[in-house]
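Enquirer: First, the structure itself, so that you have it in front of you.
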Amino acid sequence: MKTKRTLLLLPVVLLMITALFSFKKYTESSPYKCMIQMKNYTGEGAYIVISILNPKGEYEETLYVQGDDDEWYFDITEWWNFQGKKRANIDAITGATISGGERSISVIQIPKDKVNQGYKIRFETAVEDQGYHKDDVEFELTSENLKSKLEGKGFIRYIRMIPQ
Amino acid sequence: MTISIWRFSHLTLAISATLFITVASLTGIILAFEPISNKINPYNVVDTQTISIAEAIAALQNEYEETITINIDENDFVIANIITKEGKSETIYINPKTGKKVGDLIEKSPLFEFATNLHRSLFLKTTGRFIIGFVSFLLFLISITGTILIVKRQGGFKKIFSKVVKEDFNQYYHIILGKWFLIPIAIITLTGIYLSLEKFSLLPKNKAIHEEITQNSPSSKLKPTEFEIFKTTKLSDITALEFPFSSDEEDYFNITTVNKEFAVHQFNGTIITQKKQGLVSLGSYYSLILHTGKGSIIWSLVLLLSCFAILFFIISGFSMTLKRRKSKTNINNKFTKDKAEFIVLVGSETGSTFNFANAFYNALLKIDKKVFITTLNEYTTYKEAKNIIIFTATYGDGDAPINANKFIEISKKIKQQNILKFAVVGFGSKAYPEFCKFAILAHANLQIHEKFIPTLPIYKIDNQSFESFKIWVKQWSFNNQLVLNIHEEDIKKTSKENIDFKVLEKTNQNVDDTFLLKIKPSKKVKFVSGDLLSISLKNENKNRLYSVAKIDKTILLSIKKHEFGVCSTYLNNLQLNENLSAHIQENKQFHFPKKATEGILIANGTGIAPFLGMIKKNKKKKIHLFWGGKTKESIKIYTDLINIALENKSLSTFKSVFSQEQQEKIYVQYILKNHAKLVVDVLKNGNVIMICGSIAMQKGVESELEKIVNTHLNTSLTEFINRGQIKTDCY
């Protein structure tokens, strides 16, 4: 009898934990719509990783991964060196690659507590056989920057972000 | 250009690319299923031709917080990238009418992922990409050289789609599939090359830019669902629609179609700019669709079959090459060219003519003659030679075989010291219109040459018949006062084993000295009516061939006893239950075609035998039998079988003529003109006329048929002979 009751309790507990965590997440981050406009290059689609760097310049969190074939992730060298060691689940934040001249719009969750705190946001890009840009776009995570249009140095022409 | 160059390049290209082509076609087979497996998903719930962009936008606005893009893929599935009311970003298949989700994006299965990587780059990244692109190019060249070989073989571009003569399984299907898959393979390779060039940025840059259409936009503010362009454009007309990134005025709707791009003002729906896709990007679009079969099950299946065909080309091509190599037996001459008295010159495409020439060469060696054998292209001066014997096949439209193509030219230049006797034997197939043409040319060429004297007229051998070869050897040795011994085993190493046949029934001789013999094989053997029973008696080199009728697993033979005929006398003396040793020789060209629905069978005398079996087996086909004999008595031994056949309708009509029943002689061919309509119908419908009996009768019948065909079908009989609609087995 006792075991039965615990079994009944289990989903409730699980639900509570999930609720707690999702609640937590909801309070901590806010969604931003982010548009990446690529330059007019030819060839394969670009792999792009968006991450947050802490004030020391270390990887803090992966916000978004564009490119769903993990075979090519090692092309994004810096991030892969970090990600390779401590593999986080990135399934939920992965999208399809985009090619030259195209743009993509995705929604990324930016933790509120990292805005205006000296954190940086970095866009790394790699195109098969054409090279890798460690900081194609990189800027201070300030509320001002998050509303503006920022030029890229590599495969990205510019990015734009707006709060949802 | 000569065939050798084309064959050489065809083969060299094939050898150098085989490994990669095999990988590409094996993975291609797997990948052909990807578009099929995608297409069969039930995500196209609404016909995209019936719904406008405005309707889709309205539905999506209702259902979600925000829409970012709408894409319509090759399968007409509508994909939307949306933000849900809960603020989550999702890319899903939707029903454009309701906006509701109908499924998650199809994830590429690991198998397809694996096959794609192998197919595109052999897991070798850039190097692999380059190899595959280059191999595509080679495969394209292979299909071009292959086409040229087919053209040469068929005797011209116009005849490329005419019937191919079937001599060898591999060769036949190599050509047949080559014709069928030429276009799909050309498309696969060309699009493959295009896609590779694109990957390596070797295509011209796309120069298309957005052109401004309107500058100052009216200040009116409309909802997107009220835009004229959205109301009039159907979803099926576009490939993608991007929503404005923000509510800033300079953010537009972007519409992409196969050949255009538009920017649409987000407040009033006017077209701000438009861009025509350049030829290069259109090329990329169609290359991808054609190369991968995306969106079309039928084209995917064509691609699939093409991959199988390529594999078949590899296998059959190499087995043909090996066979050709093997049969080009090494020439080991015992005497030098200047010591030999007899010179044997050979022109052989497949090597089978070499087998005959070698047997002849060995037979001369056996009787201590000095012989030298070589190919026709090696023809040169011969100091001691007195006799030249040429064995040659003919290739395609009367061309010389590969190792004989220079002979005629060099024979004019080379000066022989002695006067030489010569003989020419041509090998070929009567199924080709230019039967033994090259042999005839070679013969004519030597005939006008002042140093050459013919010993025998040109001699032609059909389908490598050993019988006719023996006849020629006999004539030739008689002329040269030699005794040559050549056995069939000397030519074909595979000796056929005789089996025993038990005599079941035998009729008495009728007035024409003809009788029927029913025998049963002691072992299980496969045969059909029209095959030949080969009987060779002891002390007799020659084997006799009888056309057989298959009747309930037994063989029925119709035999005419010749007064001094050794074999027919022997058969006539057989007693019931006695055994007869013989073997069955397949005679494919004289089988009743399975596909034919109607047939006219024409025979005289004992030629009726195979037809009796064909009629016995018949169930649904219409068969008309024409038979000629000497007297009314002649037919008596067959009447039972014929009457039963007429009764159960396995035989539709039976016409007989008797040559000696009246003053003037009437032969079976004479009554054909009364049945011209039947002949015309049978030939027009692709059905068959079969002739069996004496050569004289065959000639008569063919000339009657020629007249009918000329007048009623306005063409010549050869056309039907070449198509295999006229089959003969005459002796």
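The values are calculated or read from the model by the stated rules, or taken from the named source; none is laboratory data. What you see is a predicted model, and the numbers here were worked out from it, not measured in a lab. All Cβ positions, even for glycine, are placed from backbone atoms using ideal geometry, and neighbour counts span all protein chains on display. Accessible surface areas use protein heavy atoms only, side chains included; no ligands, DNA or RNA. Shrake-Rupley method; radii C 1.70, N 1.55, O 1.52, S 1.80 Å.
Enquirer: May I ask you to list, by number, the DSSP H helices of chain B whose Cα span along the axis is at least 24 Å and whose average Kyte-Doolittle hydropathy reaches 0.5 or more?
Expert: B:3-39, B:125-154, B:169-199, B:297-327
Enquirer: Moving on to the next point. Anything losing 40 Å² or more of accessible area from the isolated chain to the full protein assembly: pick those residues out of segment B:186-210, probe 1.4 Å, ligands and DNA/RNA ignored.
Expert: Buried by 40 Å² or more upon assembly, which counts only protein chains, are B:199.
Enquirer: For the cross-link pairs B:179/B:323; A:120/B:221; B:621/B:665; B:430/B:561, which exceed 27 Å when the distance is taken from alpha carbon to alpha carbon?
Expert: Over 27 Å apart, Cα to Cα: A:120/B:221; B:621/B:665; B:430/B:561.
Enquirer: To the nearest 20 debye, what is the magnitude of the charge dipole of the protein assembly as shown about its Cα centre, counting +1 on the Cβ of each Lys and Arg and -1 on the Cβ of each Asp and Glu?
Expert: Details: 114 positive and 90 negative charges, 929 e Å.
That gives the protein assembly as shown a dipole magnitude of about 4460 debye.
Enquirer: Oh, and also: When the accessible area of segment B:264-322 is split by element with a 1.4 Å probe, what percent falls to carbon and sulfur?
Expert: Carbon-and-sulfur percentage of accessible area, whole number: 81.
Enquirer: Sticking with this structure for a sec: Quick check on the protein assembly as shown: helices-only [θ] at 222 nm, where DSSP H runs of length 4 and up contribute -39,500 (n - 2.57) each and the sum goes over total residues. Nearest 500, please.
Expert: Taken over the protein assembly as shown, the calculation gives -11500 deg cm²/dmol.
Enquirer: Here is a further query. Quick check on chain B: of the DSSP beta bridges with both residues there, what percent are antiparallel, nearest 5%?
Expert: Just about 55 percent of them are antiparallel.
Enquirer: I would also like to ask the following. For chain B, what is the Kirkwood estimate of the hydrodynamic radius, computed as the reciprocal of the mean inverse distance between distinct Cα atoms, to one decimal in Å? Walk me through the intermediate numbers first.
Expert: Numbers: mean 1/r = 0.0312 Å⁻¹.
When all Cα pairs of chain B are included, the Kirkwood radius is 32.1 Å.
Enquirer: Taking every eigenvalue of the Cα gyration tensor of segment A:72-134, multiplying by 5 and rooting it, what semi-axes result, largest first, whole Å?
Expert: 22, 17, 13
Enquirer: Looking only at segment B:499-730, where both bridge partners belong to it, what percent of the DSSP beta bridges are antiparallel (to the nearest 5)?
Expert: Around 55 percent of the beta bridges assigned by DSSP in segment B:499-730 are antiparallel ones.
Enquirer: Counting other C-beta atoms within 10 Å, and keeping those with at most 10, which DSSP coil trypsin sites (Lys or Arg not before Pro) do you find in segment B:382-428? Walk me through the numbers on the way to the answer.
Expert: Details: sites: B:383, B:386, B:406, B:412, B:413, B:415, B:421; in loops: B:383, B:386, B:406, B:415.
Of the trypsin sites (Lys or Arg not before Pro), the ones in loops of segment B:382-428 whose Cβ has at most 10 other Cβ atoms within 10 Å are B:415.
Enquirer: Under unit Cβ charges (Lys, Arg +1; Asp, Glu -1), what dipole magnitude, rounded to 20 debye, does segment B:552-611 have relative to its Cα centre?
Expert: Here the size comes out at about 200 debye.
Enquirer: Taking a probe of 1.4 Å and counting only protein heavy atoms, give the total accessible area buried between chains A and B in Å², rounded to the nearest 100. Intermediate results must be reported in sequence, preceding the final value.
Expert: On the way: alone 10150 and 37910 Å², together 46180 Å².
The contact between B and A buries close to 1900 Å².
Enquirer: Taking amide H atoms as placed 1.01 Å from N in the peptide plane, list the residues 5 or more away in sequence, or in a different chain, whose amide H sits under 5 Å from that of residue B:372.
Expert: Here B:342, B:343, B:344 satisfy the definition.
Enquirer: May I ask which of B:506/B:616; B:506/B:632; B:474/B:506 have a Cα-Cα span longer than 23 Å here?
Expert: Correct reply: B:474/B:506.
Enquirer: When we measure straight from the Cα of residue B:152, which aspartates and glutamates land under 15 angstrom away, once same-chain ones fewer than 8 places off are left out?
Expert: Reachable aspartates and glutamates: B:349, B:397, B:399, B:434.
Enquirer: Which of the lysines could be linked to residue B:125 by a straight reach, that is with a Cα gap under 20 Å, when you skip same-chain ones fewer than 8 residues away?
Expert: Filter leaves B:108, B:199.
Enquirer: Same structure, new question: Choose one of A:37, A:126, A:72: the residue whose Cα lies farthest towards the positive end of the charge dipole of segment A:28-163 (beta-carbon charges +1 Lys, Arg; -1 Asp, Glu; about the Cα centre).
Expert: Positive-end residue among those listed: A:37.
Enquirer: Still on this structure, I have one more. Out of the total accessible area of segment B:430-473 (probe 1.4 Å, heavy atoms of protein only), what percent is carbon and sulfur? Walk me through the intermediate numbers first.
Expert: Values: 1290 of 2150 Å².
Answer for segment B:430-473: carbon and sulfur cover 60 percent of the accessible area.
Enquirer: Let me ask something else about it. Using the Cα atoms of segment A:28-163 to build a convex hull, what is its mean projected area in square nanometres?
Expert: 7.3 nm²
Enquirer: Could you give me the ³J(HN,Hα) list for segment A:142-153, computed from phi with Karplus coefficients 6.51, -1.76, 1.60 and θ = phi - 60°, whole Hz, x at Gly and Pro?
Expert: Values, residue by residue: 10, 4, 5, 4, 5, 10, 9, 9, 10, 6, x, 9 Hz.
Enquirer: How many percent of Cα pairs in the protein assembly as shown exceed 53 Å?
Expert: The share of Cα pairs beyond 53 Å in the protein assembly as shown comes to 43 percent.
Enquirer: If you don't mind, another one. Calculate one ³J(HN,Hα) per residue across segment B:235-248 by plugging θ = phi - 60° into the Karplus curve 6.51 cos²θ - 1.76 cosθ + 1.60, and present them in order as whole Hz with x for glycine and proline.
Expert: Listing the rounded values in order: 4, 5, 7, 10, 10, 8, 9, 9, 7, x, 5, 9, 8, 4 Hz.
Enquirer: Through the Karplus equation 6.51 cos²θ - 1.76 cosθ + 1.60, θ set to phi - 60°, convert the phi angles of segment B:410-418 into ³J(HN,Hα) values in whole Hz; use x for Gly and Pro.
Expert: Per-residue couplings from phi come out as 6, 5, 6, 8, 6, 9, 8, 6, 9 Hz.
Enquirer: Another question about this same structure. With every protein chain present, what is the per residue accessible area of the protein assembly as shown (1.4 Å probe, Å²)?
Expert: Each residue of the protein assembly as shown exposes 52 Å² on average to a 1.4 Å probe.
Enquirer: Percent of accessible area on segment B:499-730 owned by carbon and sulfur, 1.4 Å probe?
Expert: 49 percent
Enquirer: Checking the cross-link filter: which aspartates and glutamates have an alpha carbon closer than 19 Å to that of residue B:275, excluding same-chain neighbours under 8 positions apart?
Expert: A:102, B:211, B:212, B:237, B:242, B:250, B:251, B:261
Enquirer: Using a 1.4 Å probe on protein heavy atoms, which residues of segment B:120-146 have at least 50 Å² less accessible area in the complex than alone?
Expert: Buried by the other chains: B:125, B:129.
Enquirer: May I ask which residue of B:438, B:333, B:464 lies farthest towards the positive end of the charge dipole of segment B:330-491, with charges of +1 (Lys, Arg) and -1 (Asp, Glu) on Cβ and the Cα centre as origin?
Expert: Among B:438, B:333, B:464, the one farthest towards the positive end of the dipole of segment B:330-491 is B:333.
Enquirer: Can you give the FRET efficiency to the nearest 0.05 for residue B:381 and residue B:333, using r as the Cβ-Cβ distance and R₀ = 25 Å?
Expert: Computed FRET efficiency for residue B:381 and residue B:333 comes out at 0.95.
Enquirer: Let me ask something additional. On a 20 Å Cα-Cα criterion, which of the cross-link pairs A:33/A:112; B:39/B:88; B:337/B:369; B:339/B:369 come out too long?
Expert: With Cα atoms farther than 20 Å apart: B:39/B:88.
Enquirer: Would you pull out the residues with amide H under 5 Å of residue B:103's amide H, same chain only if 5 or more places away, H placed 1.01 Å from N?
Expert: For residue B:103, whose amide H was placed from the backbone, the distant partners under 5 Å are B:93.
Enquirer: Would you grab the residues whose amide H sits under 5 Å from the one on residue B:390? Only those 5+ places off in sequence or on another chain, please, with H modelled 1.01 Å from N.
Expert: Under 5 Å from the amide H of residue B:390 lie the amide H atoms of B:345, B:423, B:424, B:425, each far enough along the sequence or on another chain.
Enquirer: So, one more: Could you give the dipole magnitude of segment B:106-258 about its Cα centre, charging the beta-carbon of Lys and Arg +1 and that of Asp and Glu -1, in debye to the nearest 20?
Expert: Details: 18 positive and 15 negative charges, 292 e Å.
Around 1400 debye, computed over segment B:106-258.
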